[in-house]
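Notes follow the structure.
The values are calculated or read from the model by the stated rules, or taken from the named source; none is laboratory data. What you see is a predicted model; the values in this text were computed from it and never measured. Virtual Cβ from ideal backbone geometry, glycine too; neighbours counted across all protein chains shown.
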């Protein structure tokens, strides 16, 4: 079995999918590992380190010829052939056309970001958690560096310095790590989330949870956040959050919706637009989802801008700013994941493996597991993706051609016999 790790296509991507320390573990599973020349340079891993651990350095063509390709983003899949496996963060629900083309090519697509969240076996394979954890850490540090005041409380001969106030929106992995890091820095923290389970988590880390009158849980059966539909509750949520935001020195937004654009910070449009006008001069906002629609009105992907005296930081994928550690954790996720693909020294898709197929009964209803498609077909458990991508592109073209042929046949058969002499072959009989 040959596993290939290509250099990432995106120039802004600093991570690499496989690090040298993972190669001996992969070798024990039966894999030979080939890494594209220079793939690990931005993460601090040299070609010689890969070779010292038993890996091979090759060019892109050699790497993309592997039975299993492991990358972070989707690589140049046009270099791949039918039957090859691709394990990466495909974000299939937000990249429907790209996903459709991969399916049409007959590539077995394994999207690591679609791992069933509540499956205990999958926790060591969860790339979302490993990378979000680092992003949350970096967001707290970035906020402390850009805010115009000290973060911890200080009592000095010159006077007492009150701690900076942080507000964290979203208390999943990234939000909880942002809370923990800000707490260690000495900040006073408030946090909010639409999921009731987040209250205990945030308070255990030393943050004050922002309570909303009439609170109703907004968590799906798969453990992902959903949106409130009650207008009164939405208004109450916005009002309580705005009270905290007005007093905040740093606001970090982490909330996102699985398979969709990130939700705005407030439910009300007016609240989102006037937010910075209501905030303190010199305050800082970190929009961690600026690359997926953004939580903040006015954030710009890849830029630091100022609005109404408030600094808005729109640096996406903050885990990229810690590439050595981020790559190591991602590589660990990959190494743990491929164990479910290997049986007796061969790559196998086990239809009974829930990491791959999900559980129609509720682990991640409608989303299936990591296995998005095989042999040109979307996996049966991915019912929501089937609705978004009714059929592979190739099949759609074939059906369109078949329909066109039928239309032509109908047109011919509708011709008045008295005007034309038509043979059976003209009518299209079979």
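Yes/no matrix, rows are residues, columns are (1) crowded, with 24+ Cβ neighbours inside 10 Å; (2) at pLDDT 95 or above; (3) in contact with a strand residue (DSSP E or B) (Cβ under 9 Å, 6 or more places away or on another chain):
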{"residue": "77", "(1), (2), (3)": "no, yes, yes"}
{"residue": "99", "(1), (2), (3)": "yes, yes, yes"}
{"residue": "102", "(1), (2), (3)": "yes, yes, yes"}
{"residue": "110", "(1), (2), (3)": "yes, yes, yes"}
{"residue": "117", "(1), (2), (3)": "no, no, no"}
{"residue": "120", "(1), (2), (3)": "no, no, no"}
{"residue": "126", "(1), (2), (3)": "no, yes, no"}
{"residue": "129", "(1), (2), (3)": "no, yes, no"}
{"residue": "133", "(1), (2), (3)": "no, yes, no"}
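Here is a check on your reading of the model: is residue 168 assigned by TED's automatic domain parsing to the domain that holds residue 309, in a strand (DSSP E or B), modelled with pLDDT of 95 or more and surrounded by 14 or more Cβ atoms within 10 Å (Cβ to Cβ)? Yes: the conditions hold for residue 168.
Residue count for region 41-56 satisfying the condition of being more than 24 Å from the chain's Cα centre (by Cα) and surrounded by fewer than 15 Cβ atoms within 10 Å (Cβ to Cβ): 5. Applying a threshold of 8 Å to beta carbon distances and a minimum spacing of six or more residues, or different chains, the list of pairs starting in region 217-245 at a residue that is at negative phi and ending at one that is part of a helix (DSSP H, G or I) and at pLDDT 85 or above reads 228/234; 228/237; 238/271; 242/271; 242/275; 242/278; 245/275; 245/278. Is it true that some residue in region 153-169 is without any contact (Cβ under 8 Å) to a residue 60 or more places away in the chain and within 25 Å of residue 262 (Cβ to Cβ)? Scanning region 153-169, I find no residue that is without any contact (Cβ under 8 Å) to a residue 60 or more places away in the chain and within 25 Å of residue 262 (Cβ to Cβ), so the answer is no. In region 259-299, of all residues being within 23 Å of residue 137 (Cα to Cα) and surrounded by fewer than 18 Cβ atoms within 10 Å (Cβ to Cβ), the one that is modelled with the highest pLDDT corresponds to 282.
Outside any loop (DSSP other than H, G, I, E, B), at pLDDT 95 or above, under 30 Å from residue 383 (Cβ atoms) and touching a helix residue (DSSP H, G or I) at 6+ places or on another chain (Cβ under 8 Å): does that describe residue 144? Considered against the rule, which asks whether it is outside any loop (DSSP other than H, G, I, E, B), at pLDDT 95 or above, under 30 Å from residue 383 (Cβ atoms) and touching a helix residue (DSSP H, G or I) at 6+ places or on another chain (Cβ under 8 Å), residue 144 comes out as no. Is it fair to say residue 179 is in a strand (DSSP E or B), within 26 Å of the chain's Cα centre (by Cα) and outside the structural domain of residue 334 (by TED's automatic domain parsing)? In short, no. Of all residues in region 149-165, those that are more than 15 Å from residue 183 (Cα to Cα) and either surrounded by fewer than 13 Cβ atoms within 10 Å (Cβ to Cβ) or within 31 Å of the chain's Cα centre (by Cα) (or both) total 6. Here 251, 194 are screened, and the one residue that is in contact with a strand residue (DSSP E or B) (Cβ under 7 Å, 6 or more places away or on another chain), at pLDDT below 90 and surrounded by 17 or more Cβ atoms within 10 Å (Cβ to Cβ) is 194. Of the residues making up region 1-40, those that are buried (at least 17 other Cβ atoms within 10 Å of the Cβ), in a helix (DSSP H, G or I) and free of Cβ contacts under 8 Å to residues at least 60 places away in the same chain are 20, 23.
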